[in-house]
1. Can you tell me the Rg and the Dmax, both Å, for the Cα atoms in region 99-198?
2. What's log10 of I(q)/I(0) for region 34-174 at q = 0.09, 0.11, 0.21 Å⁻¹, Debye sum over Cα points only, no solvent?
3. Given 4 °C and 1.567 mPa s, compute D for region 5-79 with the Stokes-Einstein relation, Rh being the Kirkwood radius over Cα pairs; round to the nearest whole µm²/s.
4. Would you mind computing, in nm to one decimal, how far apart the modelled labels at residue 129 and residue 217 are, each placed 7 Å from Cα along Cα→Cβ?
5. Sequence gap at least 6, Cα distance under 8 Å: using those rules, report the relative contact order of the chain to the nearest whole percent.
6. Helix-only estimate, please: 222 nm mean residue ellipticity of the chain, summing -39500 (n - 2.57) across DSSP H runs of length 4 or more and dividing by its residues, to the nearest 500.
7. Rounded to the nearest 0.05, what FRET efficiency is calculated for residue 272 and residue 13 with R0 set to 51 Å and r the Cβ-Cβ distance?
8. So if I take the centroid of the Cα atoms in region 1-71 and the same for region 186-231, what is the distance between those two points in Å?
Amino acid sequence: MDWGIEIPFDKDYVTYVWFDALINYISIPGYLSDEKKFNKWWPADVHLIGKDILTTHSVYWSTMLFSLGLPLPKTIFAHGWWLTGQDKMSKSLGNVVDPLDLIEQYGVDAVRFYLMREMILGQDSNFSTDSFIKCYNDDLANDFGNLLNRVSGLITKNHSGIIPPRTQSPAEDEIGGLIGGLDAHVYSLISVFKVNDAIAAIMDLVGKLNKYIEAQAPWKLAKTDLPAAERVLATAAFGLLTSARLLKPVMPTKCQQVIDVLSSPDGKIQTHTALFPRIEVEKK
């Protein structure tokens, strides 16, 4: 082969970009330059790669590491492709969806949420504008954003904007158990790369919190049983805060806004704009 970079010790062979690119995995953490740093970061727990470069990472890279006497990554996990229709997105087919266009229209957090929610790692996923809008409106506008509006609005209106302290009653046993067990459940799913299932579990709690508020009707309780209304809203606020904390790696900006609204030092609800304004399909 006459293309590539000539190997210094044998002019009959050349190498190319993959060798140089793969070496970055160990040179950047400090191989041969910072032993302490290198020992901290290598071997990698997980190499997350596209399935079309699996051979490069599992055969070529492993061979290079063996030749250097270095340990291999503990796990190599190959994710799938985003498809439009039944085809892989590619410039040659002209079917590429520019994520920057989506981000400009709907915000980076919404796009991150959709991509992580809709792809089962290890399988291909199908993108369409309709599925994106449905995910945005159903999960983010109607459920997550609406829950923040309801909780903050009711606390501001009926409780002087002060988040009530949490108390427990039989009415909170089920929802309280879901909130309390969510951290461990989400972490167990993430540890086996089921990111979409972890997000689904968080959103399931968000949906149940909305139904809990609807069933308990704290706007009515505030007129007849103020402590009961406070108990409901305190539970809902804590559940929403838990959901935002666990979703923050997926939606760092929006979830931090929720955390800021519900976690002021004086316990007072902070004013905020709509988290995810609904997309009106008719206008599009």
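1. Rg and Dmax of region 99-198, Cα atoms, are 17.4, 49 Å.
2. -0.55, -0.73, -1.25
3. Estimated via Stokes-Einstein, D reaches 97 µm²/s.
4. Each label point is offset 7 Å from its Cα along the Cβ direction, giving 4.3 nm.
5. Rounded, it is 16 percent for the chain.
6. -16000 deg cm²/dmol
7. It comes out at approximately 0.25.
8. 46 Å
Computed from the coordinates by the stated procedures, all read-outs in this text should not be read as laboratory data. Given the structure is predicted, the values throughout are model-derived calculations rather than measurements. So basically every Cβ, Gly included, is an ideal-geometry build from the backbone, and we count neighbours across all protein chains shown.
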